[in-house]
Amino acid sequence: MALKTETFILNAGPQHPSTHGVFRMRLTLDGEVIQDVEPVFGYLHRGIEKLAEGLTYPQDIVFTDRLDYLASMTNNQAYVVAVEKLAGIQAPERAEYLRVIMAELMRISSHLMAVGFLLNDLGAFLTPLLYMYREREKILDLFDMVCGQRLTYNYMRIGGVSQDIPEEFIPALKKYIDSLPGFINEYEQLLATNEIVLIRTKNVGILTKESAINYSAAGPVLRGSGVKWDIRKADPYSVYERFKFEVPVGSVGDIYDRYRVRIEEMHQSIAIIRQAMEQLPQGEIQAKIPKVLRPPKGEAYGHIEGPKGELGFYLVSDGSTNPYRLHVRPPSLINLTALKELLVGVKIADAMAIFGSIDICVGEVDR
Amino acid sequence: MKLKSYGEGIAKGMLVTMKNAIRDPITTQYPEKRLNISRRSRGNQLVWNKTACISCSMCARACPVNCITMVTSRDENKKLQMDKMDVDTGVCISCGLCVEACPQKCLFMSRDYEKAVYSRKKLKLTKEDILMTDSSKPSGYYSPENETKLPKQTLLIDGKKWDK
């Protein structure tokens, strides 16, 4: 006698501890195997792109903080790079170096969160994540010292940065940068040789080189698949061509490779911050810009390498004080399009681990 | 993976966890003990220096969320005076753009935290509420004069043993 079977629909989210925010996946299951996945998002939609059209160019910086709230500094930077390209403004050197230091600290902080949450998704409940939170807190202390807030920094300005760093910043940063490799090694000891982690991450959720390019994935997801593509090298912005650093790549494209790429990138960021601290020049931190900024008619696309991938802002100006159109190229959303290929055919137990390895931030997906 | 090596990595990890279990806590017992917050802290309130203000409304214009309502008029000497300056702290996102826009440097972010109130109406502050008095705590955000006076921020990286 043949049993009658049917597929089963499971809603993962929006209030799911592992969905990194209010993200929902409708999984069609055949037993334990995922047959189809339908991502549902928009729960955090605030209409930031539309809001930006009603505000002036400097006021929009405030709203870029609220896109990817785990990496506000790089959002600020991407936006000001786009506006500077549109209006033809060149920031002073000291400001560019400060931007680089802040952006690399932000990258370390965001990667700490990414690998911490990945382990949380694998079932190592909270312990490794809270070690990460501890280290991130030290970075947030530094940001707090510079711009007065822990999460929504609003630090970069069109043509510079808002304030110069206080004198106690560089000693504290030096101390932190010296302590960080030791911490990463401790963390590696905790997990890199752990057999359970290896079994659950190696050869799971493989994204091939070709499909990573086809999905136009960026950041650690793309580099984990073995494509050597980094905007800091491919299209250098700011003062990145003056620093020596490597672009770490994976070989297989599984969860483990993405995890390794993030760990290696933290080491590279430390190297960049060390060089930037050495070369940091004295001088102005703000270029002379008109009090009411009216960029000429035209359009510009400014992109930077954010912690999660290529973060771009596309701006159209009609010659007035407000942007005519602001479009964000969020790395989280584009990387998320590869989710279906990664999830179909795997067991439900691996779904959250694969999803966690993509490292999305819902504030950026929904905007 | 060989069965022989199984468990070695887990034991190593446990060693790290053990080390962390016996170290000093890094958190602080908040209401009893307080750390020094950042000198440039952007708290959710404004401090307004009335004597220096020229009622130019630049702060209200700079605000991206329109939380500052300002009504000005001219007195008999044709001098601008402030009739109303309301700050809705329920709307304020503490971005600090109003402080930067002030040409007279008479507006400051506050270092106060713990600003919870019992009703939503009380979130709307009038000009008397934000007036600079001896008890108000202007922060060093965009104001180097204030910054040098304030105590240094406690940093986690300095590794103080908070609870001892």
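With respect to the conditions (1) within 29 Å of B:Asp158 (Cβ to Cβ); (2) facing chain A (nearest Cβ under 9 Å), B:Lys12 lacks only one, and its number is (1). Looking only at segment A:241-271, residues that are over 16 Å from A:Gly219 (Cα atoms) and among the aliphatic types (A, V, I, L, M) come to 2 in all.
Filter segment B:120-142 down to residues that are surrounded by fewer than 19 Cβ atoms within 10 Å (Cβ to Cβ) and small (Gly, Ala, Ser) and give me whichever is nearest to the chain's Cα centre (by Cα). Ranking the qualifying residues of segment B:120-142, first place goes to B:Ser136.
Looking across segment A:149-197, just one residue is free of Cβ contacts under 8 Å to residues at least 60 places away in the same chain, more than 7 Å from chain B (Cβ to nearest Cβ) and of a type in the set (Lys, Arg), and that is A:Arg150. Each residue in segment A:113-143 was checked for being within 14 Å of another protein chain (Cβ to nearest Cβ), buried (at least 21 other Cβ atoms within 10 Å of the Cβ) and aliphatic (A, V, I, L, M), and 5 of them qualify. The selection criterion, being at pLDDT below 90 and buried (at least 24 other Cβ atoms within 10 Å of the Cβ), does not hold for A:Gly226.
For B:Lys50, the conditions (1) in contact (Cβ under 8 Å) with a residue 60 or more places away in the chain; (2) within 14 Å of chain A (Cβ to nearest Cβ); (3) over 19 Å from the mean Cα position of the chain (by Cα) are fulfilled apart from (2).
Restricting the search to helices (runs of 4 or more DSSP H) fully inside segment A:218-287 and requiring at least 1 residues that are among the β-branched types (Val, Ile, Thr) and touching a strand residue (DSSP E or B) at 6+ places or on another chain (Cβ under 9 Å) gives A:220-224, A:231-234.
Scanning segment A:1-31 for residues that are in a loop (DSSP other than H, G, I, E, B), free of Cβ contacts under 8 Å to residues at least 60 places away in the same chain and among the β-branched types (Val, Ile, Thr) turns up A:Thr5, A:Thr7. Could you list, in sequence order, the residues of segment B:1-56 that are outside any loop (DSSP other than H, G, I, E, B) and aromatic (Phe, Trp, Tyr)? Within segment B:1-56, just B:Trp48 meets the criteria.
Checking each residue in segment A:177-197 for being of a type outside the set (A, V, I, L, M) and either part of a helix (DSSP H, G or I) or surrounded by fewer than 15 Cβ atoms within 10 Å (Cβ to Cβ) (or both) picks out A:Asp178, A:Ser179, A:Pro181, A:Gly182, A:Phe183, A:Asn185, A:Glu186, A:Tyr187, A:Glu188, A:Gln189, A:Glu195. Counting the residues of segment B:111-164 that are within 14 Å of chain A (Cβ to nearest Cβ) and among the charged types (D, E, K, R) gives 9. For segment B:108-134, the tally of residues that are over 15 Å from B:Ser41 (Cβ atoms) and either out of contact with any Ser or Thr (no Cβ under 7 Å at 6 or more places or on another chain) or touching a residue at least 40 places away in the same chain (Cβ under 8 Å) (or both) stands at 18. If we keep just the residues of segment B:60-69 that are in a loop (DSSP other than H, G, I, E, B) and within 11 Å of chain A (Cβ to nearest Cβ), which is farthest from A:Gly148 (Cα to Cα)? Looking at the filtered set, the residue picked out is B:Asn66. Against the condition among the hydrophobic types (A, V, I, L, M, F, W, C) and either under 30 Å from B:Glu145 (Cβ atoms) or touching an Asp or Glu at 6+ places or on another chain (Cβ under 7 Å) (or both), how does A:Met132 come out, does it pass? Against the criterion (among the hydrophobic types (A, V, I, L, M, F, W, C) and either under 30 Å from B:Glu145 (Cβ atoms) or touching an Asp or Glu at 6+ places or on another chain (Cβ under 7 Å) (or both)), A:Met132 does not qualify. Scanning segment A:328-367 for residues that are among the aliphatic types (A, V, I, L, M), assigned to a loop (DSSP other than H, G, I, E, B) and surrounded by fewer than 24 Cβ atoms within 10 Å (Cβ to Cβ) gives A:Ala338, A:Val344, A:Val346. Checking each residue in segment A:32-51 for being touching a Phe, Trp or Tyr at 6+ places or on another chain (Cβ under 8 Å) and assigned to a loop (DSSP other than H, G, I, E, B) picks out A:Phe41, A:Tyr43.
Only residues that are away from chain A (no Cβ under 14 Å), buried (at least 18 other Cβ atoms within 10 Å of the Cβ) and in a strand (DSSP E or B) were counted in segment B:70-108, giving 4.
The rows are residues; the columns are (1) under 23 Å from A:Gln279 (Cα atoms); (2) of a type in the set (Phe, Trp, Tyr); (3) in contact with a Leu (Cβ under 7 Å, 6 or more places away or on another chain).
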| residue | (1), (2), (3) |
| --- | --- |
| A:Arg99 | yes, no, no |
| A:Ile139 | yes, no, yes |
| A:Gln149 | no, no, no |
| A:Pro166 | yes, no, no |
| A:Ile177 | yes, no, no |
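Just to verify a result, which residue in segment B:18-34, among those that are β-branched (Val, Ile, Thr) and within 11 Å of another protein chain (Cβ to nearest Cβ), is farthest from A:Glu135 (Cα to Cα)? Taking the candidates together, the pick is B:Thr27. Criterion applied to A:Arg200, A:Arg150 was being charged (D, E, K, R), under 30 Å from A:Ser357 (Cβ atoms) and not in a helix (DSSP H, G or I), and the one residue passing it is A:Arg150.
Checking each residue in segment A:36-48 for being of a type outside the set (Phe, Trp, Tyr) and either surrounded by 15 or more Cβ atoms within 10 Å (Cβ to Cβ) or modelled with pLDDT of 90 or more (or both) picks out A:Val37, A:Pro39, A:Leu44, A:Ile48.
The values are calculated or read from the model by the stated rules, or taken from the named source; none is laboratory data. Worth saying up front: this structure is predicted, and the values here are computed from it rather than measured. Note: ideal-geometry Cβ built from the backbone for every residue, glycine included; neighbour counts use all protein chains shown.
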